[in-house]
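J.: Supplied in structure tokens, the structure appears directly below.
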There are 2 protein chains.
Amino acid sequence: MPPRSDRTALRERYDRRQAQVVLDAARVFAQRGYDQTSVPELAEALGIASGGLYHYFAGKEQLLIAICDQLMEPLLAAAEQLLAEDDPPREQLDALVRMWVTHVVTHRDHMLVFEQQRPAIEHGEQWRQVRESRKRFERLVVGVLTRVHESGGARLADPRLSLSALLGMVNYTAQWYRPRGRLSADEIADGYLDLITR
Amino acid sequence: MPPRSDRTALRERYDRRQAQVVLDAARVFAQRGYDQTSVPELAEALGIASGGLYHYFAGKEQLLIAICDQLMEPLLAAAEQLLAEDDPPREQLDALVRMWVTHVVTHRDHMLVFEQQRPAIEHGEQWRQVRESRKRFERLVVGVLTRVHESGGARLADPRLSLSALLGMVNYTAQWYRPRGRLSADEIADGYLDLITR
DNA sequence: GATCATACCGAACGACCGTTCAAAGTTTGA
DNA sequence: TCAAACTTTGAACGGTCGTTCGGTATGATC
């Protein structure tokens, strides 16, 4: 049996490869569609054999779950860290929206796959954790948005309509943003903030 | 051979039934997902045999195209009629957004199916007309939005960011709107207009 | 260099998909 | 009431899908 340290190194190599496969798969699924891409097609695009995928994932659906996790986990972590600070609501909202838009445009592929599979994700036990993550994030946004509303910093009377508008704008960004486009993530975020705040 | 009038009546009945099938199919696909719903499943949900669908549609994909047409055609027609009037830009935008949001919430199922299948629709010859319709509508929105910007009625400096924000907000409405909710379509539209205009 | 766990291959399999079609049922017009 | 046309049925078919698994290649350990 190899020493403990080597097992760890091995495990890390496995995890890195797995994460890379998730990343590449997100790109392929975003371009061709999750359901429209067969496992052999995906494997070919990734440069491996179809059976090889099953060394890292129990099935196609597990791979999709991994894509969603890779999208949601860092977003949630960053949001919770930002909101843990004791800043004024308006500053928190600014920082949150900037981070959020940046996350969306750096995870465009994940976002497109996620939104495309939303009807499937909204039902079924295997998606519970993904759903929970989405809800937790939305609750965080609702919280800071409500505080901005209470401090009179919002344009709309209804914080829930503000939330829907913001979710719509930010999530849709994944569908039109181009890395070499005119607007940076921060410029886009500032535009959105201009719209919903005074 | 039956007289001409009866042929017409028959044709109308056929068309009505077909339109009803499209309507029902949109609802089923919106709930369960287009790819996740097999033709036998869909047929059972519609109360007909699986083969019966092929009396009205050449295949599952034609049915999806029909759903998109049922969504886009009346929207385009209404938009073109509104913008044919010679009203001030701001009034045109108001009327357009109100009509648009109303259309989205009365065609929620179609919207959800359309957005879910967008990656597939963006490629492939059979989707050309659907793509053209979407582009034509967006051009109409761009036009009136640009005129509002030129007349100084917009909040953002960039009309293209206004467009993306508006598209995001309005299209996302299909995902959260509930008919018995607090907000009417007009109230939602007014909220969106408050955000993007001065 | 022998041994062994890990990483990957790719042909083969069962399941289910969209679609077909001969037959049956229903409606229409005379 | 009869025949023709329209509508619907549902078993059957070929094809593709996701997945399996016995085998091979790779590379680390002693």
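The values are calculated or read from the model by the stated rules, or taken from the named source; none is laboratory data. Please read all numbers here as calculations on a predicted model, not as lab measurements. Cβ coordinates were reconstructed from backbone atoms using ideal geometry, including for glycine residues, and neighbour counts include every protein chain displayed.
J.: Within segment A:34-45, can you find the residues that are more than 9 Å from DNA strand C (Cβ to nearest atom), small (G, A, S) and surrounded by 13 or more Cβ atoms within 10 Å (Cβ to Cβ)?
T.: A:A45
J.: Among the residues of segment A:46-72, which ones are within 12 Å of DNA strand C (Cβ to nearest atom) and hydrophobic (A, V, I, L, M, F, W, C)?
T.: A:L46, A:I48, A:A49, A:L53, A:F57, listed by residue number.
J.: If only one of B:L64, B:L75, B:L53 is more than 14 Å from every other protein chain (Cβ to nearest Cβ), away from DNA strand D (no atom under 16 Å from the Cβ), closer than 28 Å to B:H123 by Cβ and buried (at least 19 other Cβ atoms within 10 Å of the Cβ), which one is it? Break it down into steps so the answer makes sense when it comes.
T.: Values: B:L64 fails: more than 14 Å from every other protein chain (Cβ to nearest Cβ); B:L53 fails: away from DNA strand D (no atom under 16 Å from the Cβ).
Unique residue meeting the criteria: B:L75.
J.: What about A:Q92, is it closer than 15 Å to A:A25 by Cα, touching an Asp or Glu at 6+ places or on another chain (Cβ under 9 Å) and either in a helix (DSSP H, G or I) or within 11 Å of DNA strand D (Cβ to nearest atom) (or both)? Steps first, answer last, please.
T.: Numbers: closer than 15 Å to A:A25 by Cα: no; touching an Asp or Glu at 6+ places or on another chain (Cβ under 9 Å): yes; either in a helix (DSSP H, G or I) or within 11 Å of DNA strand D (Cβ to nearest atom) (or both): yes.
Against the criterion (closer than 15 Å to A:A25 by Cα, touching an Asp or Glu at 6+ places or on another chain (Cβ under 9 Å) and either in a helix (DSSP H, G or I) or within 11 Å of DNA strand D (Cβ to nearest atom) (or both)), A:Q92 does not qualify.
J.: Can you pull out the residues in segment A:188-198 that are farther than 16 Å from A:V105 by Cβ and in contact (Cβ under 8 Å) with a residue 12 or more places away in the chain? Full working, then the answer.
T.: Taking segment A:188-198 first, the residues farther than 16 Å from A:V105 by Cβ are A:194-198.
Selection gives A:L195, A:I196, A:T197, A:R198.
J.: Quick test of your reading of the structure: B:W100 fulfils all but one of (1) within 10 Å of DNA strand C (Cβ to nearest atom); (2) buried (at least 19 other Cβ atoms within 10 Å of the Cβ); (3) within 14 Å of chain A (Cβ to nearest Cβ); (4) in a helix (DSSP H, G or I). Name the failing condition by number.
T.: Here B:W100 clears every test but (1).
J.: Right, another one. Taking helices (runs of 4 or more DSSP H) that fall entirely within segment B:1-88, which contain at least 3 residues that are touching a residue at least 40 places away in the same chain (Cβ under 8 Å)? I'd like the intermediate steps shown before the answer.
T.: On the way: elements: B:4-32, B:39-46, B:60-84.
Where helices (runs of 4 or more DSSP H) fall fully within segment B:1-88 and carry at least 3 residues being touching a residue at least 40 places away in the same chain (Cβ under 8 Å), they are B:4-32, B:60-84.
J.: Can you find a residue in segment B:112-125 that is on the phi > 0 side of the Ramachandran plot and more than 8 Å from chain A (Cβ to nearest Cβ)? Don't jump to the end; show me each part of the working.
T.: Narrowing segment B:112-125 to residues on the phi > 0 side of the Ramachandran plot: B:124.
From what is left, the residues that are more than 8 Å from chain A (Cβ to nearest Cβ) are B:124.
The answer is yes; a qualifying residue exists.
J.: What is the one condition in (1) small (G, A, S); (2) more than 12 Å from DNA strand C (Cβ to nearest atom); (3) over 17 Å from the mean Cα position of the chain (by Cα) that B:A19 does not satisfy?
T.: If we test B:A19 against (1) small (G, A, S); (2) more than 12 Å from DNA strand C (Cβ to nearest atom); (3) over 17 Å from the mean Cα position of the chain (by Cα), just (3) comes out false.
J.: Among the residues of segment B:139-187, count how many are among the hydrophobic types (A, V, I, L, M, F, W, C), touching a residue at least 60 places away in the same chain (Cβ under 8 Å) and facing another protein chain (nearest Cβ under 7 Å).
T.: 0
J.: Name the residues in segment A:129-146 that are surrounded by fewer than 17 Cβ atoms within 10 Å (Cβ to Cβ) and either at positive phi or of a type in the set (D, E, K, R) (or both), would you?
T.: Within segment A:129-146, A:R131, A:E132, A:K135, A:R136, A:E138, A:R139 meet the criteria.
J.: Continuing with this model, one more query. Out of curiosity, is B:L83 under 23 Å from B:G33 (Cβ atoms) and at pLDDT 95 or above?
T.: Numbers: under 23 Å from B:G33 (Cβ atoms): no; at pLDDT 95 or above: yes.
No: the conditions fail for B:L83.
J.: Can you tell me which of A:E44, A:E12 is more than 8 Å from DNA strand D (Cβ to nearest atom), over 18 Å from A:L71 (Cβ atoms), away from chain B (no Cβ under 14 Å) and under 24 Å from the mean Cα position of the chain (by Cα)? Before the answer, list the steps.
T.: Working: A:E44 fails: under 24 Å from the mean Cα position of the chain (by Cα).
None of the others qualify; the one that does is A:E12.
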